[in-house]
Structure formats: structure tokens, C-alpha cells
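Just below is one structure, and these are the notes that go with it.
The values are calculated or read from the model by the stated rules, or taken from the named source; none is laboratory data. Small disclaimer: the values here were computed from a predicted structure and weren't measured. We place every Cβ from the backbone using ideal geometry, glycine too, and count neighbours over all the protein chains shown.
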Amino acid sequence: MTFQSSIKILLASAAAVCCVCPANAQAVFIEASGTVDSFHGGFGSSSDLGQSVTLDFSYDSGSLAATLTPTDYIVFAPITSANIVSGVYGSGIDLESNGPGSGSITDDVNLTDSSLTSTAWTSIDPPSLAFTGEVFGFSLFQNAAGSTLELLRNVYDEGNLNVRDSGSVSLSNISVTQVTAPEIDPSSAASALTLLLGGLAVVRGRHRPKVQAA
């Protein structure tokens, strides 16, 4: 077993301990805002340009899960609510029409260069086969290069997409703030830290460089 593979196994083990659902799961709210930069299709208009939009979305800290691949460490959870709360499109627009869990929030750490990519999105599929009406959603992408945030709208007529009236709005000057932070279960955190530090000590001890005899 290589040193890097040992570290990856330790990270996964520590994450498994730390992601045990706490007794009192907590809703974590995130607020994202920006100004209308461009619009595409039938959603938005020229009068919207430069106007502000604020939305918020949430997930349950008890539903966080983690997975480890040869190249990435990924933590994710289903989104439980998403709404436009203020700005040029008003307030109260549901950005998760398909119900809790139809979208997700994900943090992806690249194990090669330690870069972080964060995404959050909700579905704009019709909630039923014969649905007629509007479905709103959003897509947020963040990494070291910057952020993108889009509001999405699909319009359906008895389950058929109305391409003319559907579209998206792209925002600029994006700000993302976590309004409430999840509580960490002390016993789980201590167990994860003990596992990680102890394992690192063992791996490093076994990874001592060999000294060649003179």
C-alpha cells in the first residue's frame, strides 16, 4: 500500500465517523445573490439587466454523506428548500418545484492539487407527466477561478416543453454566504480526529526513508 493510498483510506474513515447523523439534525441555510448580467430564451428582459436578485437554499446537516474516489473526496447532501427571496423577480418563487431532494449541494476536493469545487442545483423537470405551468430552478458553480449563478425556468403544456417561453438568467457580482452553520457532534468529531491523527502517525512511522549502510 502506498503512502498516498493510506492517506485516502484514513480520510474516508474519518469522514465516515464524522458524518454520522447527529441526534439533532440542523437545517443549514445558504444565501446567494448577484445582479442580472444576461438572459436567454423567454426568461428575463433587457429591463432586468443590472438588477439584483437574492435566493436562499438549505440542506439538512444530518443528511451529509461522503465518498472517496481515486482522484476526489466528495461531500454531498440533498437540497431541502430553495426560493428567490428578493430582487427584480420578487420573492417567494419556489426554486425546487419537484420537492425536497430533487437537487443537491456538493463539495469536491481534488486529491491531486487540493482544489475545491462547490456546486448546488435544483431540477427543472416537470413534477408530473401531464404538468402544465412553470418550473423554476437554479444552478450555482464555484471554484478558484470564480463563480457562476443561473436562474432557470421551464414552461410546460401538459408535460410538453414550451421552448419559446423557457429560458435562463445569468447573474454576475455573485456573493454566497452561509447563514447558519451545522453543529458538529463533539463525540463524533473527537473520534474522527483521533482516528485521523493516530492513523497518520502509524502511516508516517511505516513510511520512514530507508538509510543505506555505508
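Assorted remarks:
- In the condition set (1) of a type in the set (A, V, I, L, M); (2) surrounded by 17 or more Cβ atoms within 10 Å (Cβ to Cβ); (3) at pLDDT below 95, Ala65 is compliant with all but (2).
- Criterion violated by Arg153 - all others in (1) in a strand (DSSP E or B); (2) surrounded by fewer than 17 Cβ atoms within 10 Å (Cβ to Cβ); (3) of a type outside the set (Gly, Ala, Ser); (4) over 17 Å from the mean Cα position of the chain (by Cα) satisfied: (2)
- Condition met for Ser81 (surrounded by fewer than 20 Cβ atoms within 10 Å (Cβ to Cβ) and closer than 16 Å to Ser139 by Cα): yes
- Against the test of being small (Gly, Ala, Ser) and in contact with a Ser or Thr (Cβ under 8 Å, 6 or more places away or on another chain), the options Ala130, Ala66, Ala82 yield a single qualifying residue, Ala82.
- Taking the conditions (1) among the hydrophobic types (A, V, I, L, M, F, W, C); (2) surrounded by fewer than 16 Cβ atoms within 10 Å (Cβ to Cβ); (3) over 28 Å from Gln26 (Cα atoms) in turn, Leu111 satisfies each one other than (2).
- Evaluation of Ser172 against the conditions (1) within 21 Å of the chain's Cα centre (by Cα); (2) within 20 Å of Leu55 (Cβ to Cβ); (3) outside any strand (DSSP E or B) shows that the sole unmet condition is (3).
- Condition check for Gly44: part of a loop (DSSP other than H, G, I, E, B), more than 16 Å from the chain's Cα centre (by Cα) and at pLDDT 95 or above: no
- Taking every residue in region 61-78 that is farther than 25 Å from Gln26 by Cβ and pairing it with any residue that is in a strand (DSSP E or B), at least 6 positions away or on another chain, the pairs with Cβ-Cβ distances below 7 Å are Thr71/Asn110; Asp72/Asp108; Asp72/Val109; Asp72/Asn110.
- In region 107-123, residue farthest from Ser168 (Cα to Cα) [restricted to those that are without any contact (Cβ under 8 Å) to a residue 40 or more places away in the chain and among the aliphatic types (A, V, I, L, M)]: Val109
- Each residue in region 82-103 was checked for being in a strand (DSSP E or B) and at pLDDT 95 or above, and 6 pass.
- Looking only at region 63-81, residues that are assigned to a strand (DSSP E or B) and polar (S, T, N, Q) come to 3 in all.
- Qualifying residues in region 38-62 (those that are in contact with a Phe, Trp or Tyr (Cβ under 9 Å, 6 or more places away or on another chain) and of a type in the set (D, E, K, R)) - the one nearest to Leu171 (Cα to Cα): Asp48
- Qualifying residue in region 124-136 (condition: surrounded by 14 or more Cβ atoms within 10 Å (Cβ to Cβ) and either in contact (Cβ under 8 Å) with a residue 60 or more places away in the chain or over 23 Å from Ser168 (Cβ atoms) (or both)): no
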